[in-house]
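Data first, discussion second: the structure below is written as structure tokens.
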Amino acid sequence: MYRNILIKGEEIYIPKKKLDNDYFEKHFKKFKLGKEAEELMNYFGRKERYFVSEGENTLTMAIDASRRVIEKTKTNTEDIDMILFTSDNPEYALPTNAVKIHKAIGAKNAHIVLDINANCIGMLTSLDFACRYAKNNQKIKTILLVGSACFSSITREDDVVSYPNFSDGSSAIILEVKEEKRIRGFIDSNYITCSDICDKVEFPKCGYSNINKPEILKTDKKMNFIRHDVSYFSDEWKKIMTDMLKENSLKIDDIDHFLFSQFNKEEVRETLEKMDVDFNRHTFIGEKYGYTGVASPMFALNEAIRENKIKEGSKLIFCSVGVGYTMSAIIYIC
């Protein structure tokens with residue numbers, strides 16, 4: 001018998017405030033960047049975005065997404081053993097947001113609760129860590145993973161790259177342990193880290209030790225995005241996936257569907273072309289939801305499942321990239 005860690009179900013939460021490309025084009029005309037904004041949005045693959053309203057943040061969205069996936073999977077919250085929360089900009093440092101979620105959903109028997117920040121690979125990293133932990137801890141049977149992004153609160157409104165392309169939202173998944181005669185669920189993961197560009201995207205720009213100093217400008221408390229060349233990402237993505245497949249005696253053609261970071265549509269297209277993979281074997285939802293960072297691969301999973309692109313037995317690859325940069329990939333069999 002194999003101790004398999006399976007995704008029992010997934011759900012997403014998006015704020016009610018929806019913005020389209022016209023809004024951002026008009027916004028950037030104030031900075032004489034309307035044309036540039038339009039070109040970048042088309043390149044990244046954007047149509048609609050969602051921003052939080054008053055009272056919404058990474059934590060409230062995470063709680064909503066958690067409740068949705070709990071209801072969808074008919075999970076008894078008292079059966080949840082572990083909660084992992086991941087975000088670039090968590091609402092709280094003390095206590096952990098996972099503890100806040102624990103209270104909100106009534107998961108009184110979840111005694112392993114923690115926050116993880118791995119930027120945009122956070123949801124995949126959480127999935128990896130949770131599955132490996134559960135495989136080796138017989139007490140763990142049910143896990144809640146939640147990722148939230150609230151970029152509208154940290155991006156500069158004069159930043160033509162991040163402000164019109166990033167978005168807000170949360171994704172949540174329930175993992176369950178099953179003893180089965182065949183291997184499926186989480187199979188393996190792979191990582192690449194190169195810190196050469198770790199100064200290109202920073203939040204807050206001033207650093208937390210300076211954020212309360214009166215002389216610090218409001219813009220310096222936001223995210224600083226310096227444009228930088230990432231044309232080599234497609235080669236690195238190809239390497240991280242092909243190496244992982246080789247280690248697991250699999251080939252590219254064995255994979256039924258790919259779920260990437262939703263930051264850049266053309267980057268994904270280029271990667272798949274280099275691997276001779278048809279673009280239809282991939283789900284891109286960046287035009288529909290904008291870039292939801294850490295939550296985005298699971299947004300793609302949610303869409304692919306609703307569109308019946310994934311079925312029992314499907315072999316999946318998740319792949320994402322975080323600023324700095326870090327990359328993560330996961331093989332999963334449904």
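Since every read-out is calculated from the coordinates, none of them should be taken as a lab result. Predicted model only: the values in this text are computed from it and were never measured. So basically every Cβ, Gly included, is an ideal-geometry build from the backbone, and we count neighbours across all protein chains shown.
Compared with the alpha-carbon gap, the fully stretched path from GLU54 to LYS26 is longer by 7.8 nm at 0.36 nm per residue. Annotation note: chymotrypsin sites (Phe, Trp or Tyr not before Pro) in region 50-102 located in DSSP loop regions with a Cβ neighbour count of at most 15 within 10 Å are TYR92. Lysine pair count for region 1-96 with Cα-Cα distance under 21 Å and sequence separation of 8 or more or different chains is 17.
For Rg/Rh (Cα atoms, Kirkwood Rh), computed directly from the structure shown, the correct entry in (1) 0.96; (2) 0.99; (3) 1.03 is (1). Quick one: in region 185-333, what % of C-alpha pairs are over 22 Å apart? Cα-Cα pairs in region 185-333 separated by more than 22 Å: 45 percent.
The modelled label-to-label distance between PHE279 and GLU215, using points 7 Å beyond Cα along the C-beta direction, is 5.1 nm. Amide H to amide H, with H built 1.01 Å from N, GLY9 comes under 5 Å of ILE174, counting only residues 5 or more places away or on other chains. By the rule of a C-alpha distance below 16 Å, with chain neighbours fewer than 8 residues away ignored, the aspartates and glutamates paired with LYS200 are ASP88, ASP159, ASP220, ASP229. For region 16-64, trypsin sites (Lys or Arg not before Pro) meeting the loop criterion (DSSP other than H, G, I, E, B) and having at most 12 other Cβ atoms within 10 Å: LYS16, LYS30, LYS32. Here the 3J(HN,Hα) profile of region 197-211, calculated from phi with Karplus coefficients 6.51, -1.76 and 1.60 at θ = phi - 60°, is 10, 6, 9, 8, 9, 9, 9, x, 4, 7, x, 5, 5, 10, 5 Hz, Gly and Pro shown as x.
Sorting the segments 101-112, 242-253 by their residues' average number of neighbouring beta-carbon atoms within 10 angstrom, most packed first, yields 101-112, 242-253.
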